[in-house]
Structures are given as C-alpha cells and as structure tokens.
C-alpha cells in the first residue's frame, strides 16, 4: 500500500486514521496483525503498511520510539501532578454533591 502512511505532526500515521506507527509498535510482536487491525477498525493491509514503514525507516522510528518510552517512564511533571490532584478533588466534590442531591430527592 504505497502512500498508506503520512506525517501530520504527531509522527507517521496510517492514512485515514490517527493511529501512528508508534501505536502499532506497542502491539507488534505481542498480538496478531488481525487483532491489531480489528482493535482500531483498520484493515490488515493498513497494519502491514505500518509494518513496512517501520521496517524501511527502522533506525529513525526506533530512536523516536525509545524517546517516547523514556518520557512515558518519567511520568508526569510535578506541575501536571498538582493540576491532576486539584481537578480530582473538584470531581470528587461534584460527585459528593450529586449523591447528596439524589439522597435528598429520594427522601423528599
């Protein structure tokens, strides 16, 4: 499938989707091509095109993939963790308020 992969800033993607070759790498070797295609509602040919791209550009793809895995391993920065904690607290307060309102309406 020549031309089945294009780059739209996030890295090489399968055309017609937002699935990158890095997404495919997460599952290559641990799942069948059919399973991967089915998971994203893509064709086997599209996944095979991603494999072909990975193989043809292996050095650059694997170097970028290694950087991505290293960033993921580091986790969120302290600033992001603080934002997540604050929003989590807000969500818990909203849930508690909704639960309280439901209880009041049942007993009213």
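Nothing in this text is a laboratory measurement; each read-out follows from the coordinates by a stated rule. No experiment lies behind these values; they were computed from the predicted model shown. All Cβ positions, glycine included, derive from the backbone under ideal geometry; neighbour counts span all protein chains shown.
Overview of values
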item	result
Calculated mean projected area of the Cα convex hull in nm² (choose from [x] 5.6; [y] 10.7; [z] 6.8), label	[y]
Crossing angle, helix 44-56 versus the chain [Cα axis fit, 0-90 degrees, rounded to tens]	70
Crossing angle, helix 78-107 versus the chain [Cα axis fit, 0-90 degrees, rounded to tens]	50
Length-normalised contact order of region 1-75 in % [C-alpha pairs under 8 Å, at least 6 apart]	28
Residue-averaged [θ]222 nm for the chain, counting only DSSP H segments that reach four residues, each worth -39500 (n - 2.57)	-21500 deg cm²/dmol
Backbone N within region 48-72 under 15 Å of label point (7 Å from residue 39 Cα along the Cβ vector)	48, 50-51
Angle between the chain longest axis and helix 58-74 axis [Cα atoms, degrees, rounded to 10]	20
Highest to lowest packing among 98-105, 37-44, 59-66, scored as the average C-beta count within 10 Å	37-44, 59-66, 98-105
Difference of contour (0.36 nm per residue) and Cα-Cα distance, residue 52 to residue 94	10.3 nm
